[in-house]
């Protein structure tokens, strides 16, 4: 309220008709109140003259009238901030209240009922500071209504409703896979599986960025999709794809990543030796005489996994080719007979290669017999029991020996 004790007015000009001696004439003058004072003041001035004076300037008078200023009500309430982050403790400052008032600077603020006062109970006012009265969660609600009254020192007031907005302060989360979690691929073009979750933003409104560098150099933000094609560099090797999410409030997720190895080298499998027999073709039969063990060597892709089996029987050898691609598998305790060899290779990219069946024949060693001639000199005979003719020779030789010893 303006503090004016007196207003001093000098009436310079006043039209007064002729009046008799000792007469009184009244004039009513309406003036605007000076800046800082609200309302109108009416002043009355009386001019009394005992003589007729042709000089009208002599018919002037000075009049001092005490003025009591008129208090004006506030016209607006301002709040310095109307947004808060979610998850903050009770008593967190929301904003500072101020009032637009033409003649007063001292105001008292209170929360009052009325239009727009739905959520008054969730806030408090200390002095001119609006504070939270609860812990707000964006996922529960994003805006609240309060109604504030400002009262000046003349007990006049103004009320206004405010909307307090709760900001999403929690970062989104997600994950990334490449080719459904595969560790190797044979193609540059891969498929990314992307997930994204946010407590305040629909996934359709989330943005993402991707790069093979965790600084995302050259990347631009794009709309989130759960799957996306991605092209690796052409050279074989292990690649890591980095993934980040941004919600509507600008909150960034941590940086997620997934790795995959690109392997474009074809898988090979070439036997070198079947026992002591050099490799020829799959259609050949490889014969070992007098052996109950066999070692198979060969060449494949470096670090390929190999499975070699002999049947019949549960004869299985699993090994890994060395850095040069060489491999070796040994079998022992075999019986005389025919075997089928099966060989299969698999590389880290998931390629597989299986050779046609290989035939192996283990034959018994030949028997050695000693025969003496009539001159008493020995000579050797080799008898192969597997042959019918060899069996006959052995039996004939045995009969002759008995006849000589027992005539």
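Laboratory data are not the source of any read-out in this text; all were calculated from the coordinates shown. Here the structure is a predicted model, which is why all the values come from computation and not from measurement. Note that each Cβ is placed from the backbone with ideal geometry, even for glycine, and that neighbours are counted across all protein chains shown.
For region 165-213, relative contact order (Cα pairs under 8 Å, six or more residues apart, normalised by length) works out to 39 percent. Ordering of 303-311, 140-148 by packing is 303-311, 140-148, highest average first (other Cβ atoms within 10 Å, averaged per residue). Scaled to the globular estimate 2.2 N^0.38 Å, the Cα spread of region 81-163, given as radius of gyration, is 1.13. In terms of surrounding Cβ atoms within a 10 Å radius of their Cβ, 88, 111 rank from fewest to most as 88, 111. Once you reduce region 242-310 and region 167-224 to the center of their Cα atoms, the two points are 32 Å from each other. Counting neighbouring Cβ atoms within 10 Å and putting the fewest first, the residues 158, 224 line up as 158, 224. Over all distinct Cα-Cα pairs of region 269-363, the Kirkwood formula returns a hydrodynamic radius of 13.3 Å.
For region 169-279, what is the relative contact order in percent, using Cα pairs closer than 8 Å and at least 6 residues apart in sequence?
The value is 33 percent.
Ranked by how many other Cβ atoms sit within 10 Å of their own Cβ, fewest first, the residues 86, 266 fall in the order 266, 86.
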